[in-house]
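Student: Encoded as structure tokens, here's the structure I'll be asking about.
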Amino acid sequence: MAIPVEIRGLRYFPGLLDPDAQQSLVADLRKVVAAAPLYAPVTPGGRPMSVRMTSAGRLGWITDARGYRYEPRHPAGQPWPAIPPDVLALWHSLVGLPREPDCCLVNFYGEGAKMGLHQDRDEGDFSFPVLSINLGDEALFRIGGTDRKDPTESFWLKSGDVLLMGGPARLAWHGIDRLRFRSSRLLPGGGRINLTLRVVADGSISPSSS
């Protein structure tokens, strides 16, 4: 296993997934997308996001005019597909807890896509870490502290890199400033896939969905 590097409280595993493991995960994700197609999300203020997304697991993360939340169904109405076993295996290997994630958020970054600084705080229980898996093109990752005004630092994430955001890094502000489009050959058309695995407290589920 790759030796983790500690950066602002997060654990960074560079090159944890070899090329065969990356290809296998992409094949699994194609099945997820076939069952729950990628869609273009908008913020509660109506601003389109530059990423496309979907989810796997018991719940999926949603953003639209009603706000940020978790829902048990895709916007088209069907339940989310199961989280692929190899993705769950990574969670159990690195997190070391019997509790399985409720959501595997799948974000696809095409050319020019980015993600502004944000906190992952819709889960309701921050005692569990967030596991982030990176596949495809290199991305400039920026992380700060728990206050929006804290200074930030950046580094390039490559295909096969994994981040574990727990403890002091669980509520750190973070984002993706830009991609090196077509820097990886993993995805034939270029782009980046990011998976984030989260445990969701039941109180975070949309009341209209229960």
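The values are calculated or read from the model by the stated rules, or taken from the named source; none is laboratory data. Model, not experiment: these values are computed from the prediction. We place every Cβ from the backbone using ideal geometry, glycine too, and count neighbours over all the protein chains shown.
Student: May I ask you to verify whether residue 102 is of a type in the set (Asp, Glu), within 15 Å of the chain's Cα centre (by Cα) and more than 24 Å from residue 152 (Cα to Cα)?
Tutor: Answer is yes for this residue.
Student: So residue 186 passes all but one of these: (1) closer than 29 Å to residue 71 by Cβ; (2) touching a helix residue (DSSP H, G or I) at 6+ places or on another chain (Cβ under 6 Å). Which condition number does it fail?
Tutor: Only one criterion in (1) closer than 29 Å to residue 71 by Cβ; (2) touching a helix residue (DSSP H, G or I) at 6+ places or on another chain (Cβ under 6 Å) is unmet by residue 186, namely (1).
Student: Right, another one. Just one of (1) under 20 Å from residue 197 (Cβ atoms); (2) of a type in the set (Val, Ile, Thr); (3) touching a strand residue (DSSP E or B) at 6+ places or on another chain (Cβ under 6 Å) trips up residue 95, so point out which.
Tutor: Status for residue 95: all satisfied but (3).
Student: Ok, one more. Suppose we filter segment 62-94 for residues that are more than 15 Å from the chain's Cα centre (by Cα) and either of a type in the set (S, T, N, Q) or over 30 Å from residue 44 (Cβ atoms) (or both); how many remain?
Tutor: Count: 7.
Student: Within segment 111-150, work out how many residues are under 15 Å from the mean Cα position of the chain (by Cα) and small (Gly, Ala, Ser).
Tutor: Adding up the residues that qualify gives 5.
Student: If I go through segment 57-77 residue by residue, how many of them are over 15 Å from residue 124 (Cβ atoms), acidic (Asp, Glu) and in contact (Cβ under 8 Å) with a residue 24 or more places away in the chain?
Tutor: 0
Student: I've got another one for you. Checking the structure you have, find out if any residue of segment 22-29 is crowded, with 16+ Cβ neighbours inside 10 Å, touching a residue at least 40 places away in the same chain (Cβ under 8 Å), farther than 21 Å from residue 192 by Cβ and in contact with a Leu (Cβ under 7 Å, 6 or more places away or on another chain).
Tutor: No: segment 22-29 contains no residue that is crowded, with 16+ Cβ neighbours inside 10 Å, touching a residue at least 40 places away in the same chain (Cβ under 8 Å), farther than 21 Å from residue 192 by Cβ and in contact with a Leu (Cβ under 7 Å, 6 or more places away or on another chain).
Student: Inside segment 63-98, can you point out the residues that are in contact with a Gly (Cβ under 8 Å, 6 or more places away or on another chain) and part of a strand (DSSP E or B)?
Tutor: Listed by number, the residues that qualify are 70, 71, 73.
Student: Can you pull out the strands (runs of 3 or more DSSP E) entirely within segment 99-210 that have at least 2 residues that are of a type outside the set (D, E, K, R), farther than 14 Å from residue 51 by Cβ and modelled with pLDDT of 95 or more?
Tutor: 103-109, 130-136, 138-143, 153-157, 162-165
Student: I want to confirm something. Restricting to segment 73-120 and keeping residues that are under 15 Å from residue 133 (Cβ atoms) and among the small types (Gly, Ala, Ser), which single residue is surrounded by the fewest Cβ atoms within 10 Å (Cβ to Cβ)?
Tutor: 89
Student: If a residue must be assigned to a strand (DSSP E or B) and crowded, with 16+ Cβ neighbours inside 10 Å, how many such residues does segment 36-62 contain?
Tutor: Residues flagged as assigned to a strand (DSSP E or B) and crowded, with 16+ Cβ neighbours inside 10 Å within segment 36-62 amount to 9.
Student: I'm checking my understanding of the structure. Among residues of segment 128-147 that are free of Cβ contacts under 8 Å to residues at least 60 places away in the same chain and over 15 Å from residue 115 (Cβ atoms), which one is surrounded by the most Cβ atoms within 10 Å (Cβ to Cβ)?
Tutor: 129
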